[in-house]
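Structure first, then comments.
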Amino acid sequence: MKKLIFFSSILFFSCASEGDKNKADSTPAKKDSTVDSTKISGQVKMKTDSGTLIVNLDHGQKTGEASMLDNNGKLVSKGLYLNGEMNGAWLTYDANGKVVRAVHYGNGVIQHVLDADDFNFDTIRSKDYNISFAIPSKWKEYSTDGQSLLFSYSKEVKDPAVRILPTIKIMKSTLAMGDDLSSLAAAQMDYLHQNFGHVQPIAADSFLVNSNPAYLQYGIYNLSDNGVGFLFATIIHGNSVYYVDCTAQNYEQGEFLKYQGVFEMIVKSFRTGN
C-alpha cells in the first residue's frame, strides 16, 4: 500500500483506538495507510484501511479542512490541515455524532486538550432578530438590553485561575452612510485602544458568512492585570451590521487557544434571514 506523506498526520490522528482517543496527554499509536486516492476540483479523497479521508484544499497541496469518515460513511474526526501540519481544533466523534475528544494543534503538536462539551452545540433561532447561530449547549445565557446587545453567553469555569470567563456577545447596529467593513473594523480597534491597555492585533481576514461580507480580527488586550484574547467578527447584511465578539482569558498559558476553535465555529454558524 502507498503512503501519502502530506496527510499522514491526519491518518495518524483519525485512526486511533478509543483507548487512545481518551488519553489527554498522548497521541494515537496507530497509523493508517491509503489504498487509493483521487483529486478533483481542489478536493482530495483517500480510501484508507479504516474509511475515507476527504480534504478540501484551500491553498496549494498542503492546506485544507479534513474529514475522516468510517466505512459506513459516518464522521469520525475533522479539523484543519495547514501547511502540511495539523492545526487548530481537531474533533473526534462517536457513532451518534457527539464530540467526545477535542485537542488544539499548533504546527502538528498538541498544545491544549480541550473540553469536548464546548463543541456540542444547540442552534439558537431568533424570530425577533431574524438570525440564528450555534452556541455550546452547556454555556449560560445572560440577560441583555435587547437593543444593541442581542445575546450574551459565557462558560462557567470553576478554576480560580480563570478570572475572565470565555464569553460570546452578539450585537447589532445600523449601517451608516459611508461605512464599510474596513471602517467598522477600524472603529472596533479604536474603541479597544481608547478603553483598555496595550492592544496587540494578531491577524485579520475578510470572508463570507452565509454569503454576507464579513471581517474577522484576532488580537490581545489588557484588562487590569489580565490578558484577554479576542476574536471580533463584523458581518454586514443589508443595512444591518452584526458584531460577534468572542473573548477569553489569555494570561500565562495562552488560554484563548482553548476556545479559538469554538469561537470560529460560532461565527461560521451565524445566519441572517432565519
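A few points about this structure:
- Positions within segment 165-182 being closer than 21 Å to PHE119 by Cβ and assigned to a loop (DSSP other than H, G, I, E, B), in sequence order: LEU165, PRO166
- Condition check for LEU192: in a helix (DSSP H, G or I), at negative phi and open to solvent by less than 80 Å² (accessible area, probe 1.4 Å): yes
- Complete set of residues in segment 235-255 that are within 18 Å of ALA176 (Cα to Cα) and either surrounded by fewer than 22 Cβ atoms within 10 Å (Cβ to Cβ) or in contact with a Cys (Cβ under 8 Å, 6 or more places away or on another chain) (or both): ILE236, HIS237, GLY238, ASN239, SER240, VAL241, TYR243
- Condition check for GLU65: under 15 Å from the mean Cα position of the chain (by Cα), within 26 Å of ASN210 (Cα to Cα) and surrounded by fewer than 16 Cβ atoms within 10 Å (Cβ to Cβ): yes
- Of all residues in segment 144-155, those satisfying the criterion of being modelled with pLDDT of 95 or more and either open to solvent by 50 Å² or more (accessible area, probe 1.4 Å) or assigned to a strand (DSSP E or B) (or both) are LEU149, LEU150, PHE151, SER152, TYR153, SER154.
- Of the residues making up segment 203-224, none is out of contact with any Phe, Trp or Tyr (no Cβ under 9 Å at 6 or more places or on another chain), buried (at least 20 other Cβ atoms within 10 Å of the Cβ) and closer than 25 Å to GLY146 by Cβ.
- Strands (runs of 3 or more DSSP E) contained entirely in segment 1-112, each with at least 1 residues that are at pLDDT 65 or above, touching a Ser or Thr at 6+ places or on another chain (Cβ under 7 Å) and within 18 Å of GLN260 (Cα to Cα): 75-82, 85-93, 99-106
The values are calculated or read from the model by the stated rules, or taken from the named source; none is laboratory data. Source: prediction; values computed, not measured. As a convention, Cβ positions derive from the backbone with ideal geometry for all residues, glycine included, and neighbour counts pool all protein chains shown. Remember, those area values only see protein heavy atoms, side chains included, never the ligands or the DNA or RNA. Shrake-Rupley method; radii C 1.70, N 1.55, O 1.52, S 1.80 Å.
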